[in-house]
Amino acid sequence: MPSLCISCLLFTLDNKEVKDNKYVNTFIIWLSHLIKYGGLDKDDILYIISDNRTIEFIKDTNNTIFSTFCSFINFRINLIHYEPPKTMMEGMMLRYRTNDYTQDIYMYCDIDILILNSLHILTKSMIENHIYICLEGDIKNVYYSNGIPEDLMLSINCEKPGVSSGKFAIYGKEICKTVFEVMNSLCNYNSPNTTLDQPVFNYSIILLKKSGFLINEDLLMNHVSFNGDEYKHGTTILFDCAGVECGDDEIHYKKMFDISILFQCGYFNLPRFQ
């Protein structure tokens, strides 16, 4: 079975106190689900992409239970430190920094996506030299296409959905480097994108497709629920609690907290979700 490097992103803007950052609470909920349901083992690793202040905060046992988690998990964790970003776009683009890994597959997952079943259900079906993406929304919507040149948009099937930047996987280290290089070359840090890096991700995927990269649009889709839509007990692996409120830590934390509690009390085991 292929080994997995799964990464997540947690940062605090340099003008904000870490103690006021509700994404820290969201991360703890996310990590608890990864530990309980993610199926990771000693060959797998979690990369936490963050900044110096946030990492020091979560490691302090007076602030979070992160250190308690680390004391009993059976997979490894790598804390990746960067300077605190000045803008949300700077922070979101940290996920596309190239960090060496030894595992077979690299996967990125936003911390507002609850993991409900083993990630190796996905990895065992993945093929080398492929990029795995998840479709959503409408590519014509500015949430996905803002900044993509008009002539490029005209050259593709604009009836297709957009692509989520919150969850993707890459089987191939050189391909992963190329994807991130393309992303960073296209990013305009002054762009007014409501959804921040997501249009850049869509732009990159379009260019990579045109260059002949192998991109799978089906595997993740069969195991993803977006805010409860298409949720199936036992089949859904990634429960995406996302919205368009990028950077609103209060809204994301409340949604993650509420959905997590509903899972714990059995709401999603009702017949309507079978």
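The values are calculated or read from the model by the stated rules, or taken from the named source; none is laboratory data. Quantities reported herein were computed from a predicted structural model and do not represent experimental measurements. Positions of Cβ are generated from backbone atoms using ideal geometry, with glycine treated the same way; all protein chains shown enter the neighbour counts.
Scanning segment 149-199 for residues that are among the hydroxyl-bearing types (Ser, Thr, Tyr) and under 27 Å from residue 4 (Cα atoms), which turns out farthest from the chain's Cα centre (by Cα)?
185
Please work out which one of (1) in a helix (DSSP H, G or I); (2) crowded, with 21+ Cβ neighbours inside 10 Å; (3) not hydrophobic (A, V, I, L, M, F, W, C) is the condition residue 47 fails and give its number.
It is condition (1) that residue 47 fails.
For segment 58-101, enumerate the residues that are in contact with a Lys or Arg (Cβ under 7 Å, 6 or more places away or on another chain) and free of Cβ contacts under 8 Å to residues at least 40 places away in the same chain.
Scanning segment 58-101 gives 66, 67, 74, 75.
Quickly run through segment 173-199 and pick out the residues that are buried (at least 20 other Cβ atoms within 10 Å of the Cβ), assigned to a loop (DSSP other than H, G, I, E, B) and not acidic (Asp, Glu).
187, 193, 195, 196
Which one of these does residue 238 not meet: (1) in contact (Cβ under 8 Å) with a residue 60 or more places away in the chain; (2) surrounded by fewer than 20 Cβ atoms within 10 Å (Cβ to Cβ)?
(2)
With the requirement that a residue be of a type outside the set (D, E, K, R) and part of a strand (DSSP E or B), what does segment 159-172 give you?
Pass one, segment 159-172, residues of a type outside the set (D, E, K, R): 161-166, 168-172.
Hits for segment 159-172 are 162, 163, 168, 169, 170, 171.
Taking segment 216-235 on its own, how many of its residues are surrounded by fewer than 18 Cβ atoms within 10 Å (Cβ to Cβ), free of Cβ contacts under 8 Å to residues at least 60 places away in the same chain and farther than 19 Å from residue 35 by Cα?
Residues that pass the stated criteria total 8.
Please find, within segment 241-274, the residue that is surrounded by the fewest Cβ atoms within 10 Å (Cβ to Cβ) out of those that are touching an Asp or Glu at 6+ places or on another chain (Cβ under 8 Å) and over 16 Å from residue 34 (Cβ atoms).
251
Sort through 68, 87 and tell me the only one that's at pLDDT below 95 and over 16 Å from residue 112 (Cβ atoms). Write out each step before concluding.
Working: 68 fails: at pLDDT below 95.
Only one candidate qualifies: 87.
Which is touching a helix residue (DSSP H, G or I) at 6+ places or on another chain (Cβ under 8 Å), of a type in the set (Ser, Thr, Tyr) and at pLDDT 95 or above, of 125, 118?
Numbers: 125 fails: touching a helix residue (DSSP H, G or I) at 6+ places or on another chain (Cβ under 8 Å).
Among 125, 118, only 118 is touching a helix residue (DSSP H, G or I) at 6+ places or on another chain (Cβ under 8 Å), of a type in the set (Ser, Thr, Tyr) and at pLDDT 95 or above.
Do we have residue 36 as assigned to a loop (DSSP other than H, G, I, E, B), exposed (fewer than 15 other Cβ atoms within 10 Å of the Cβ) and either among the charged types (D, E, K, R) or touching a Ser or Thr at 6+ places or on another chain (Cβ under 8 Å) (or both) here? So that I can check it myself, show each step before the final result.
Working: assigned to a loop (DSSP other than H, G, I, E, B): no; exposed (fewer than 15 other Cβ atoms within 10 Å of the Cβ): yes; either among the charged types (D, E, K, R) or touching a Ser or Thr at 6+ places or on another chain (Cβ under 8 Å) (or both): yes.
So residue 36 fails the test.
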